Structure formats: C-alpha cells, structure tokens
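**Q** Following this message is one structure expressed as structure tokens.
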Amino acid sequence: MTTSTEPATKPPGRPRRAKVRPGDRNFSWATRAAGVLILIVLAGVAAFLVREAIPAFRADPAEIDGGEGFFAYVWPLVFGTLVAAFIALIIATPLALGIALFISHYAPRRMAQGLGYVVDLLAAIPSVVYGLWGIQWLAPNVRGTWEWLADNLGFIPLFAGPASATGRTMMTAGVVLAVMILPIITAIAREVFLQTPTLHQEAALALGATRWEMIRMAVLPFGRPGLISGVMLGLGRALGETMAVAMVLSTGGFTWSMVSSGNNTIAAEIALDFPESAGIETNTLIAAGLVLFVITLAVNMLARWIVARREAFSGAN
Amino acid sequence: MSKRIDVSDLNVYYGDFLAVEGVTMAVEARSVTAFIGPSGCGKSTFIRTLNRLHEVVPGTRVEGKVLLDGQDLYGPAVDPVVVRRQIGMVFQRPNPFPTMSLRDNVLAGIKLNNSRMRKSEADDVVERSLRGANLWNEAKDRLDTPGSGLSGGQQQRLCIARAIAVEPDVLLMDEPCSALDPISTLAIEDLIAELKENYTIVIVTHNMQQAARVSDRTAFFNIAGTGQPGKLIEMDDTTKIFTNPGEKATEDYVSGRFG
Ligand SMILES: Nc1ncnc2c1ncn2[C@@H]1O[C@H](COP(=O)(O)OP(=O)(O)O)[C@@H](O)[C@H]1O
Ligand SMILES: [Mg+2]
C-alpha cells in the first residue's frame with residue numbers, strides 16, 4: 001500500500017475542477033450552435049408564414065379565390081393533400097416493409113446488397129423525372145385499372161365514375177408519391193431490422209419459431225419505433241411533394257372520386273398558382289402553406305407520441 | 001418428457017473452419033451434464049448443435065449423428081423447427097423479449113404451437129412455469145410489465161420459465177450464470193437441481209465449482225491451439241472428473257494448472 005502524499009486540506013482558492021479540454025469545449029459549442037440555428041430558421045419560417053398569411057385570414061371572403069373565404073378555399077386542398085399522401089402510404093408501407101425484410105432477413109447477402117443499392121438509387125431521382133414518368137408512362141398504363149374500379153366498385157364514392165380518360169387522377173398521383181417515398185421508408189426499415197439483436201432472434205428460434213415467426217416475435221416489435229419514424233418521414237415527403245403532383249394530376253375542384261380528374265394538393269396549388277399571383281392571392285397561397293406547415297408538424301408530433309407511448313416495451317433499455 | 005441424447009462422430013464447421021471434431025458422447029435422461037473447458041474450445045458451438053441452432057449462422061454445417069431417444073435430429077426428414085420445440089435453450093446473456101410483458105414472454109413458445117388457448121389455460125401455464133423457475137412470487141404482481149424491467153437474475157429465470165413452459169424433452173444452458181451475481185447464481189443452481197427431476201439438462205459452465213455442485217456427469221473439452229478444432233477429452237461422473245480424472249489435461253484444468 002502506498003500512502004497518499006496529498007495535503008489533507010486543499011490550497012485555498014483552487015477548487016478542484018475537471019479540466020476542460022479544448023476539443024470537448026469546441027464540440028459542445030458547435031452542437032449547441034447547430035441546435036440553436038435550426039430553431040432560429042424554423043422560427044423565422046413560421047414567423048414569415050404567419051405574417052404573410054394574416055391578410056388572407058382577415059380579407060373580405062369575396063376577395064379570396066372562390067369568393068367564399070379562406071376556409072372554403074383551403075379545405076379541399078387539405079383534403080387532396082391528405083388523401084394523396086394517404087394513398088401513397090397505403091401502397092408504400094407494406095411494400096417497403098416487404099422489401100426491407102427481404103433485404104435484411106431473406107435475400108442472400110450478395111443480392112441483398114444489390115437490391116438495397118437499387119432502392120437507394122430511387123431516392124436520388126429528381127421529382128421532375130418522377131413527374132415525367134407519371135405523365136408519360138404511368139398514367140396511360142393505369143387508366144384501364146381506374147376504369148375497372150369505376151365500373152365495378154363505382155358505388156363507393158372514392159371510385160365513382162366516370163374515370164379520367166387521361167389517367168391523371170389522385171390515384172395516379174398517389175402511386176407516383178408511393179414510389180417516391182418507398183426508398184426512405186425501405187432504407188430506414190432495413191436499417192432497424194438489421195439492428196435487431198442476434199440474442200433476441202436466437203431466443204425466438206430456440207423456442208422453435210420459423211423464420212417468419214421469429215420476425216414477428218423479435219424483429220418487427222424491435223423495429224416498430226424505427227419503422228414508424230420511417231413512415232412518418234415518408235409521409236412528410238408525400239405531404240410536401242410539389243413537382244410530381246403538379247405535373248401528374250389533372251387538377252380541379254373537390255370531388256370524392258379518386259379515379260376521375262379533380263382535386264389538388266396544397267403544395268401543387270402553390271407551385272402552379274404562385275407565379276401569376278399578386279396581392280391577396282399571394283397571401284392566400286402563403287396561408288395555405290402555413291396550413292401545410294401545421295399539418296406536417298402535427299403529423300410529426302403524432303408519430304412521436306405513438307413511439308413514446310410504448311417506450312417501456314421498446315427494447316431500448 | 002425427458003429424453004436421452006447420443007452423439008456420435010460429430011464434426012461442426014463454420015464455413016471451412018472445423019470448430020469441433022469427432023465428439024461422441026451419451027447424455028442420460030433426467031440428469032445434469034456439465035460441459036467444461038477453456039474459452040474457445042467449442043462448448044457453445046457444440047451445445048448449439050444439440051438443438052440445431054448452430055445452422056442458423058450462415059455458412060455453417062454439421063456432420064455426424066445426434067440421436068434423441070434414438071431419433072436422428074439430423075435425419076433428412078427432420079424439421080429443425082420441430083427439434084427446437086422439443087429442446088429448450090437458455091443463453092449466456094438473459095434475453096427475454098423486451099417488447100413483451102412477463103406473461104407474453106412465458107407464453108411465447110406455447111403460442112407458436114397453438115395460438116388459440118383459453119385464458120384460464122394460459123394463466124395455468126404462466127403460473128406453473130414461473131413457479132418452476134422460482135420466479136412466481138417476484139413476478140405475480142407484475143405480469144403485464146415488460147421483461148426488461150427485471151434484474152439480471154430474474155430475467156434469466158424468466159428465460160428458464162419461457163423454456164420450460166413448452167415442457168421440452170431437454171434443457172440446454174450455455175453459461176446461464178456467467179452474467180449474474182452470486183446470489184442469483186445460487187438461485188439458478190438450486191433451480192437446476194429441482195428441474196433435473198423432470199428434464200434432461202446440459203449446462204456449459206466456466207465455473208468448476210458450479211460444475212461440481214450441479215452436475216452428475218462432466219465432459220471436458222479442450223483445444224490444442226488457436227485454429228485447431230475443439231475435442232472432447234473425456235467424460236465421466238462428475239466426482240471422478242474432479243477427483244481422479246483419466247487424462248492429464250483434465251487434471252491440469254480442474255486443478256487450475258492450465259495456461
Ligand atoms: N459465428 C462464428 N463464426 C466463425 N467462427 C466462430 C463463430 N462462433 C464461434 N466461432 C469459433 O469457434 C470456436 C469455438 O467457439 P465457442 O464455441 O464459442 O467456444 P466456447 O463456447 O467454448 O468458448 C472458436 O475458435 C471461435 O472463434
Ligand atoms: Mg461459449
């Protein structure tokens with residue numbers, strides 16, 4: 001044993017403190033600055049939207065596009081935005097889940113890498129290209145399907161005929177959006193599935209689970225929060241996607257039918273109308289943008305709430 | 001329930017690497033068999049061949065025979081999933097499903113076999129299994145809380161409860177106490193002594209006192225050097241292995257005179 005050579009009492013005026021290293025200090029400063037910067041930008045955008053939107057809320061209803069006030073103007077756009085995004089999610093989520101599981105748990109390693117690469121490439125295609133593809137190839141090819149839906153399921157308002165002759169409908173826009181959000185959801189789902197601890201997968205297998213049962217017992221529950229985040233990111237992109245929808249959709253007034261032309265989304269409406277707008281029209285469009293901002297924020301908060309609700313069971317501890 | 005295991009001429013590979021070579025042994029029903037040996041000699045690898053879990057690692061294979069009461073587990077018509085339902089396993093690190101409640105953890109294996117089970121029946125299974133794993137008193141008031149909220153020792157007993165809930169023929173344990181404190185270790189050792197009444201138990205352990213305390217028979221594995229395959233050196237009654245082993249290497253290992 002060695003005896004301590006330190007004096008029993010510390011010299012006055014020199015409290016012991018952990019030495020602050022410059023690297024730590026700089027890093028902590030940089031992260032804080034980045035965080036603050038994001039908040040400032042966000043607040044700036046929100047303030048701009050609110051300031052520019054207020055005239056539209058205050059304006060005489062007759063002055064607003066449609067002549068019945070802002071609310072009457074914006075709700076069909078909100079409907080169109082939500083429905084297009086919803087169609088996209090319904091198509092993309094199961095597909096993304098399947099592809100991600102195939103890559104993470106079924107495909108031979110070589111093939112999994114190739115497939116993952118192809119899906120990532122989808123994310124690199126600009127939305128204008130998706131728009132072109134939607135008009136030139138997809139719309140003519142799905143037209144028949146929408147006609148079939150109108151003929152056979154036309155009693156459901158969503159599929160009420162007559163189907164669009166060009167195929168440039170909400171359903172088509174939804175399919176284009178689905179392809180666009182597929183890579184984000186797939187990439188995130190794949191990553192979280194790959195991170196499932198071997199320990200838990202083997203626990204399931206050792207109980208006599210088949211591969212699919214193992215996935216249901218260990219992989220999906222473990223990946224659930226990540227999957228929800230991925231879906232919400234996809235939803236965020238679908239809600240805000242402008243160019244592809246503006247190109248593909250043959251816009252028009254509100255209709256329940258998703259297989260005929262009509263409806264529009266907030267983002268596409270802004271993109272299409274902004275160049276020729278002036279005065280109160282501009283304010284109206286910005287107010288619509290504010291509504292989109294709020295919707296997206298609400299969607300993100302909802303996602304957080306869903307993830308947090310079952311935190312104790314998340315496996316994070 | 002409880003069945004015997006006969007292994008003959010088993011070679012176990014990871015890709016081209018022969019990890020365990022030429023193992024022949026018999027494991028009696030309703031007994032505890034301990035596997036001891038230095039790290040890396042293939043104890044985990046070998047025990048995982050007994051429930052066909054070894055082959056879930058890509059590129060691995062097994063040669064030789066493992067008979068469970070005479071039925072070859074590696075026969076061409078045998079489904080590994082069915083094998084694993086008959087042979088339970090407890091791992092080195094406690095691994096209850098973190099996304100499931102205690103109750104669902106215990107029932108996880110049962111639900112694979114028959115998903116439709118009456119609630120009263122399920123309640124019985126949960127109570128019987130948790131009592132069997134000496135966890136009932138600690139768990140009965142928190143059956144709906146997540147398994148990850150338990151202490152390490154409790155989690156390991158939960159894993160034992162999960163394994164015995166399906167009433168397997170054999171229970172394999174790979175260093176079940178190495179991540180636990182001494183008190184929890186004793187609790188598990190007591191449990192093993194009780195479980196032996198009904199199950200064939202195979203346990204890998206690093207702890208020689210533990211092998212001496214809990215097992216009836218002990219198998220000593222060794223490895224000649226890195227890159228060499230692990231081999232079964234000798235297997236005998238535990239008292240014999242620890243007092244008067246047949247091989248010099250075994251004596252060196254159990255007396256602590258080992259590299
Ligand atoms: N997944 C694996 N892939 C390749 N080699 C492995 C793998 N797991 C274990 N091994 C090798 O097999 C040998 C036996 O390991 P293991 O069975 O874990 O030994 P023990 O459990 O006795 O410590 C070691 O050489 C180890 O490196
Ligand atoms: Mg081991």
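The values are calculated or read from the model by the stated rules, or taken from the named source; none is laboratory data. Keep in mind that this is a model prediction, so the values were computed, not measured. When we count neighbours, we look across all protein chains shown, and the Cβ atoms used for this are built from the backbone with ideal geometry, even at glycine. Remember, those area values only see protein heavy atoms, side chains included, never the ligands or the DNA or RNA. Shrake-Rupley method; radii C 1.70, N 1.55, O 1.52, S 1.80 Å.
**Q** Within region B:60-82, is even one residue within 16 Å of ligand 2 (Cβ to nearest atom) and under 27 Å from A:T198 (Cα atoms)? Break it down stepwise before answering.
**A** From region B:60-82, those within 16 Å of ligand 2 (Cβ to nearest atom) are B:60; that's our starting set.
Of the ones still in play, those that are also under 27 Å from A:T198 (Cα atoms) are B:60.
Yes: region B:60-82 contains one or more residues that are within 16 Å of ligand 2 (Cβ to nearest atom) and under 27 Å from A:T198 (Cα atoms).
**Q** Oh, and also: Of all residues in region B:11-47, which are of a type outside the set (A, V, I, L, M, F, W, C), within 14 Å of ligand 2 (Cβ to nearest atom) and either away from chain A (no Cβ under 14 Å) or over 16 Å from B:S178 (Cβ atoms) (or both)?
**A** Hits for region B:11-47 are B:Y14, B:G37, B:P38, B:S39, B:G40, B:G42, B:K43, B:T45.
**Q** Suppose we filter A:L122, A:L95, A:L138 for residues that are out of contact with any Leu (no Cβ under 8 Å at 6 or more places or on another chain) and touching a residue at least 24 places away in the same chain (Cβ under 8 Å); which single one remains? Steps first, answer last, please.
**A** Values: A:L122 fails: out of contact with any Leu (no Cβ under 8 Å at 6 or more places or on another chain); A:L95 fails: out of contact with any Leu (no Cβ under 8 Å at 6 or more places or on another chain).
Step by step, each of A:L122, A:L95, A:L138 is checked, and only A:L138 is out of contact with any Leu (no Cβ under 8 Å at 6 or more places or on another chain) and touching a residue at least 24 places away in the same chain (Cβ under 8 Å).
**Q** A follow-up question, please. Tell me the residue from A:V74, A:V36, A:V50, A:V20 that is farther than 20 Å from A:V291 by Cβ and either modelled with pLDDT of 85 or more or of a type in the set (S, T, Y) (or both), please. It would help to see each step written out before you state the result.
**A** On the way: A:V74 fails: farther than 20 Å from A:V291 by Cβ; A:V50 fails: farther than 20 Å from A:V291 by Cβ; A:V20 fails: either modelled with pLDDT of 85 or more or of a type in the set (S, T, Y) (or both).
None of the other options fit; the residue is A:V36.
Rundown of residues vs (1) more than 16 Å from ligand 2 (Cβ to nearest atom); (2) touching a His at 6+ places or on another chain (Cβ under 6 Å); (3) more than 25 Å from B:E28 (Cβ to Cβ), yes/no style:
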residue: B:D141; (1), (2), (3): yes, no, yes
residue: B:V170; (1), (2), (3): yes, no, no
residue: B:P176; (1), (2), (3): no, no, no
residue: B:K196; (1), (2), (3): yes, no, no
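**Q** While we're on this one: Can you tell me which residues in region B:235-256 are open to solvent by 40 Å² or more (accessible area, probe 1.4 Å), farther than 14 Å from B:R217 by Cα and not in a loop (DSSP other than H, G, I, E, B)?
**A** If the condition is that a residue be open to solvent by 40 Å² or more (accessible area, probe 1.4 Å), farther than 14 Å from B:R217 by Cα and not in a loop (DSSP other than H, G, I, E, B), then B:K248, B:E251 are the ones that fit.
**Q** Here is a further query. Of the residues A:I64, A:I91, which is hydrophobic (A, V, I, L, M, F, W, C) and modelled with pLDDT of 95 or more?
**A** Selected residue: A:I91, the only one of A:I64, A:I91 that is hydrophobic (A, V, I, L, M, F, W, C) and modelled with pLDDT of 95 or more.
**Q** When you go through (1) surrounded by 22 or more Cβ atoms within 10 Å (Cβ to Cβ); (2) under 30 Å from B:G40 (Cβ atoms); (3) of a type in the set (V, I, T) one by one for B:I183, which number turns out not to apply?
**A** Result: B:I183 passes all but (1).
**Q** Taking the options A:F254, A:F274, name whichever one is surrounded by fewer than 17 Cβ atoms within 10 Å (Cβ to Cβ) and assigned to a loop (DSSP other than H, G, I, E, B).
**A** Details: A:F274 fails: assigned to a loop (DSSP other than H, G, I, E, B).
Sole residue among the options that is surrounded by fewer than 17 Cβ atoms within 10 Å (Cβ to Cβ) and assigned to a loop (DSSP other than H, G, I, E, B): A:F254.
**Q** Okay, moving on. Exactly one condition in (1) more than 8 Å from every other protein chain (Cβ to nearest Cβ); (2) not in a helix (DSSP H, G or I) is not met by B:G88; state its number.
**A** (1)
**Q** Mind listing whichever residues of region B:55-77 are part of a loop (DSSP other than H, G, I, E, B), within 24 Å of A:H105 (Cβ to Cβ) and without any contact (Cβ under 8 Å) to a residue 12 or more places away in the chain?
**A** Within region B:55-77, B:P58 is the sole residue that qualifies.
**Q** Here are the criteria: (1) closer than 19 Å to B:N11 by Cα; (2) surrounded by 13 or more Cβ atoms within 10 Å (Cβ to Cβ). Tell me which single one B:G59 does not satisfy.
**A** So the condition that B:G59 fails would be (2).
**Q** For B:N114, indicate whether it is farther than 19 Å from B:R217 by Cβ, within 14 Å of chain A (Cβ to nearest Cβ) and within 16 Å of ligand 2 (Cβ to nearest atom).
**A** On the way: farther than 19 Å from B:R217 by Cβ: yes; within 14 Å of chain A (Cβ to nearest Cβ): yes; within 16 Å of ligand 2 (Cβ to nearest atom): no.
Against the criterion (farther than 19 Å from B:R217 by Cβ, within 14 Å of chain A (Cβ to nearest Cβ) and within 16 Å of ligand 2 (Cβ to nearest atom)), B:N114 does not qualify.
**Q** Another question about this same structure. Looking at A:T93, A:T81, which one is closer than 14 Å to A:L235 by Cα, open to solvent by less than 20 Å² (accessible area, probe 1.4 Å) and of a type outside the set (K, R)? Steps first, please.
**A** Working: A:T93 fails: open to solvent by less than 20 Å² (accessible area, probe 1.4 Å).
Criteria check complete, one pass: A:T81.
**Q** Check B:L112, B:L158, B:L191, B:L107 and return the single one that is more than 16 Å from ligand 1 (Cβ to nearest atom), within 22 Å of the chain's Cα centre (by Cα) and more than 16 Å from A:L207 (Cα to Cα).
**A** Every option except B:L191 fails the conditions.
**Q** Then there is this: B:N95: within 16 Å of ligand 1 (Cβ to nearest atom), assigned to a loop (DSSP other than H, G, I, E, B) and open to solvent by less than 30 Å² (accessible area, probe 1.4 Å), yes or no? Before the answer, list the steps.
**A** Numbers: within 16 Å of ligand 1 (Cβ to nearest atom): no; assigned to a loop (DSSP other than H, G, I, E, B): yes; open to solvent by less than 30 Å² (accessible area, probe 1.4 Å): yes.
Answer is no for this residue.
**Q** Quick one: in region B:7-56, which of the residues that are of a type in the set (A, V, I, L, M) and within 20 Å of B:T226 (Cβ to Cβ) is surrounded by the most Cβ atoms within 10 Å (Cβ to Cβ)?
**A** The extreme case among them is B:I36.
**Q** Oh, and also: List the residue pairs whose Cβ atoms are under 8 Å apart, where the first residue sits in region A:230-251 and is free of Cβ contacts under 8 Å to residues at least 40 places away in the same chain, the second is open to solvent by 20 Å² or more (accessible area, probe 1.4 Å), and the two are 6 or more positions apart or on different chains.
**A** From region A:230-251, the pairs are A:T251/A:S261; A:T251/A:E269; A:T251/A:L272.
**Q** Please go through region A:196-237 and give me each residue that is within 13 Å of chain B (Cβ to nearest Cβ), under 30 Å from A:N300 (Cβ atoms) and not hydrophobic (A, V, I, L, M, F, W, C), ordered by number.
**A** Hits for region A:196-237 are A:T196, A:P197, A:H200, A:R216, A:P221, A:G223, A:R224, A:P225, A:G226.
**Q** Sort through B:V126, B:V82 and tell me the only one that's free of Cβ contacts under 8 Å to residues at least 40 places away in the same chain, part of a helix (DSSP H, G or I) and at the interface with chain A (Cβ under 10 Å from one of its Cβ atoms).
**A** Values: B:V126 fails: at the interface with chain A (Cβ under 10 Å from one of its Cβ atoms).
Answer to the check: B:V82.
**Q** Of everything in region B:228-255, what is within 16 Å of ligand 2 (Cβ to nearest atom) and either hydroxyl-bearing (S, T, Y) or more than 22 Å from the chain's Cα centre (by Cα) (or both)? Give them in sequence order.
**A** B:Y253
**Q** Among the residues of region B:212-227, write down those that are closer than 21 Å to B:G152 by Cβ and either at pLDDT 95 or above or under 14 Å from the mean Cα position of the chain (by Cα) (or both). Quick ask: steps written out before the conclusion?
**A** Step one: filter region B:212-227 for residues closer than 21 Å to B:G152 by Cβ, giving B:213-214.
Answer for region B:212-227, where residues must be closer than 21 Å to B:G152 by Cβ and either at pLDDT 95 or above or under 14 Å from the mean Cα position of the chain (by Cα) (or both): just B:V214.
**Q** I'd like the full set of residues that are open to solvent by 90 Å² or more (accessible area, probe 1.4 Å) and closer than 17 Å to A:S250 by Cα, limited to region A:142-157.
**A** Matches in region A:142-157: A:R143 only.
**Q** Pick from A:A218, A:A206, A:A163: which is buried (at least 23 other Cβ atoms within 10 Å of the Cβ) and at pLDDT 95 or above?
**A** After ruling out the rest, the residue left standing is A:A206.
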